[in-house]
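Below is one structure, written out as structure tokens; the observations come after it.
No value in this document is a laboratory result; all are computed from the given coordinates. For clarity, every value in this text was computed on a predicted model and none was experimentally measured. So basically every Cβ, Gly included, is an ideal-geometry build from the backbone, and we count neighbours across all protein chains shown.
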Amino acid sequence: MKKILVTRNLLEENEKRILQLFDANLNKEDKLYSPEEVIALSENCDGILSFTTSVLNRETINKLSDSVKIIANYAVGFGNIDIASAKKRGIVVTNTPEVLTDSTADISILLLLGASRRAYEGRKAAELQNWVWSSNLLLGKQMSNQKLGILGMGRIGRAVAQRARGFGMKIHYHNRSKLTSDLEHGAIYHPDIKSLFRQSEFLSINCPATPDTINLLNEETIKYLPDGAVVANAARGDVIDDNAMIKAMKSGKIFALGLDVYNGEPKINEEYLKLNNLFLLPHLGSATKVTRIGMGDRAIDNLQDFFLNKRPKDQVN
Ligand code: DGY
């Protein structure tokens, strides 16, 4: 049986399956292993089932034992892994696309709604139990008939578009390439950020974190958005320059922001926490039981394929 290091806790359903197929070294206590621990614990392993919290950078990858041949990441994003270094060492890297599309798109909509309808202030006011209904109590922005810009029109972006159409929004998007019309469903393509942002009364960030998308929302580009825009980020924290965003939220340029992901999470820029026009969640994009089981299954499928000498379906390097 091939030996696999599992760097975080798996749901029971996935745990049962991996134990049937592999000699799995589980992390039942869900400890956050340091890179040194990952290196030591995977010493005699054939593969690693890693998570978004496991930082496998160049230094760590280079110190992994020669026996490690595959890293199956339990996430669609793989910014936690230096895939070029893995490739150099002949280590295959896989991710878990598709299974988390719906749950993450749901969270994007929740962020847009939570921000635009002032859910954070609403919760605080309701808790105080001294609010009085009035015609102007916590007035928010309505999504219907508004233009939604989607940054990154992959599977998740398209699922956000599908949901947003149900709210009566008009969809605009930017992507590396224009989609075919059967995938666009009438959404309007913008070949550059400036043109997309100019139309985006609401903006949903659904692109992967790559060197090209780091700080894509910055002092300069935020200015392209219409005054009073609502922004939601369910992708990765580093797409937003936090200082520029905080400034724009304070000035009213940005009406409200919804965040599920953060630069350096779980830490969050302290200045954000002083703002009322922020609706925030702790990286819950894929956090439903059905999705998490799906992610575990997908990572295990990739390991299984690899050790059956097949190319894993989700190989990314
Ligand atoms: C992903 O799959 O990239 C998610 O953000 C992890 O929860």
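The table below gives the values:
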| read-out | value |
| --- | --- |
| Cα-based helix-to-principal-axis angle, 155-166 vs the chain, degrees rounded to 10 | 30 degrees |
| Listed pairs LYS31/LYS63; LYS223/LYS250; LYS31/LYS124; LYS124/LYS247 exceeding 25 Å between Cα atoms | LYS31/LYS124 |
| Over region 101-280, volume per residue of the alpha carbon convex hull, in Å³ | 119 Å³ |
| Dimensions in Å of the chain - Rg and Dmax from alpha carbons | 21.1, 67 |
| Additional length obtainable on full extension of the chain from ASN269 to LYS87, 0.36 nm per residue less Cα span | 62.1 nm |
| Cα convex hull of region 62-103, projected area averaged across orientations, nm² | 3.2 nm² |
| Tilt relative to the chain, helix 119-128 - C-alpha long axis, 0 to 90 degrees, to 10 | 80 degrees |
| Loop-located GluC sites (Glu not before Pro) in region 117-185 whose Cβ has at most 10 other Cβ within 10 Å (DSSP) | none |
| Highest to lowest packing among 92-102, 221-231, scored as the average C-beta count within 10 Å | 92-102, 221-231 |
| Once the Cα gyration tensor of region 44-137 is diagonalised, semi-axes √(5λ) in Å | 46, 13, 10 |
| Among THR52, LEU5, ALA115 the positive-end extreme of the charge dipole of the chain (Cβ point charges) | ALA115 |
| Rounded to 10°, Cα long-axis angle of helix 289-307 versus longest principal axis of the chain | 40 degrees |
| Computed over the chain: relative contact order in percent, which uses C-alpha pairs under 8 Å that are six or more apart | 19 percent |
| Relative contact order (%) - region 40-99, alpha-carbon pairs under 8 angstrom, separation at least six | 37 percent |
| GLU220-GLU98 FRET efficiency (beta carbon distance; Förster radius 51 Å; 0.05 resolution) | 0.90 |
